[in-house]
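This report refers to the structure that appears directly beneath it.
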Amino acid sequence: MTSSRTTELKAQIRDAEARYDALLDAAVDAIIQIDANGHIERFNHAAERIFGYRFDEVKGQNVKMLMPQPYQGEHDGYIKHYVDTGQARIIGIGREVKGLHKDGHTFPIELSVGDVQEGDHKIFVGIIRDISERKLVEKEAAELRESLAHVARVGSMGEMASGLAHELNQPLTAIASYARASKRMLEQPGATPAQYAQTLEKIADQAERAGEIIRRLRGFLRRSGGPREAQDCNAIIRELLTLLEIDFREHPFRLRLELGKLLPMVAADRIQLQQVLLNLVRNAIDAMSEFSSGNEIVISSSADEDTIMISISDCGPGISEDKADLIFEPFFTTKCNGMGMGLALCKTIMRAHGGDLTATNKPEGGACFMLRLPIEKTA
Ligand code: ADP
């Protein structure tokens, strides 16, 4: 090759490299090129911004300087393993790892790595996105979800308050009239001690009933986010009846239970599970108050090898096809006073339990919500 041809080729290569560098520098993501020994060969502007180093500070250095432990200690091994065996742990896959800034702080990054065969040696190109902001938003969203769960719980408590007043009124009225009856007995002598005892017994029963109502409601509020213990789903469903008595008194509907026998236990937070069921039954009542082809809401429970299933089915209008995907979205509601958080929270709670919540329409009309919970396996 003539020397002028060589000069021309060299100029072309320099030109191509300059264009390549300009291209890398225009990228929003950090792009780092290393050789098969992990030494940095290219480091674009975004990489300088994200990691806080200038290119001349990192050129020729091992790329592991940009990673905190344990990645730092493992990186040389990763490259060697890949070069020797062709087995990729990250190359061509991409994943979330941590980056180490020049000032020593670590931050979450999304890293994807590609390899290129250049003549007889390999180079690796890493594309890095700083996802600190996304992680922060995710964390804030999780916190928000948590506080919304609390708001919804307190909200249901507010709804319950009017029902509670009504519910407590009954035993209190009974206590007052038994007390007046006792006073009358005292004013008109002749009543036997047994008659007094009977009336006082009735007063005690009614006071206990009022206490039970309050105890359950306090438990409902206090124990949210409580421990996951082995729970008997049927017992949880039966317990719910007291809380729902108030709702059913105000509507012409009835609740029927079809509980499977000898169901295995599930690891669950009892109060959260009750909150889910309460929500679903109240939604069923709301739906049936709008339109109803019957008067029954059925809660059934069953189990297969590894799942407990609880369904709540109603005779309401069902869920129209265009809303099927929306009802589990936060803030979706078709009710004028609805918050649209109920089903979103129920689904979140079920997923946090390793289970799920889905909805279907029954062939004969009405909606059916299905809860699934994994059965606790003992080793
Ligand atoms: P909210 O009850 O505040 O509206 P939800 O998240 O509990 O919030 O419910 C969202 C929407 O899903 C309801 O507004 C209603 O349109 C629909 N939905 C829920 N349950 C039923 C049901 N059993 N039958 C028909 N539609 C339902």
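Some values worked out for this structure:
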{"read-out": "Pairs where the first residue, in the stretch 193-204, is free of Cβ contacts under 8 Å to residues at least 60 places away in the same chain and more than 15 Å from Ala176 (Cα to Cα) and the second is outside any helix (DSSP H, G or I) and basic (Lys, Arg), C-beta under 7 Å, 6+ apart", "value": "none"}
{"read-out": "Yes/no for Ala230 being assigned to a helix (DSSP H, G or I) and exposed (fewer than 15 other Cβ atoms within 10 Å of the Cβ)", "value": "no"}
{"read-out": "Qualifying residue in the stretch 359-370 (condition: closer than 13 Å to Ser311 by Cβ and away from the ligand (no atom under 13 Å from the Cβ))", "value": "no"}
{"read-out": "Residue selected from the stretch 339-358 under the condition without any contact (Cβ under 8 Å) to a residue 24 or more places away in the chain and within 11 Å of the ligand (Cβ to nearest atom), by the criterion surrounded by the fewest Cβ atoms within 10 Å (Cβ to Cβ)", "value": "Gly340"}
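Let's see how each residue does on (1) closer than 25 Å to Leu100 by Cβ; (2) touching an Asp or Glu at 6+ places or on another chain (Cβ under 8 Å):
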position	(1), (2)
Arg5	no, no
Gln12	no, no
Asp21	yes, no
Asp35	yes, yes
Ala46	yes, yes
Arg54	yes, yes
Pro70	yes, no
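For (1) more than 40 Å from the chain's Cα centre (by Cα); (2) in a helix (DSSP H, G or I); (3) closer than 30 Å to Asn279 by Cα; (4) at pLDDT below 65, each residue gets a yes or a no:
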site: Glu140; (1), (2), (3), (4): no, yes, yes, no
site: Gly158; (1), (2), (3), (4): no, yes, yes, yes
site: Gly163; (1), (2), (3), (4): no, yes, yes, yes
site: Pro171; (1), (2), (3), (4): no, yes, yes, no
site: Ser182; (1), (2), (3), (4): yes, yes, no, no
site: Pro189; (1), (2), (3), (4): yes, no, no, no
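The values are calculated or read from the model by the stated rules, or taken from the named source; none is laboratory data. A quick note: this is a predicted structure, and the numbers were derived from the prediction, not measured. Neighbour counts are summed over all protein chains in view; Cβ atoms, including those assigned to glycine, are modelled from backbone coordinates with ideal geometry.
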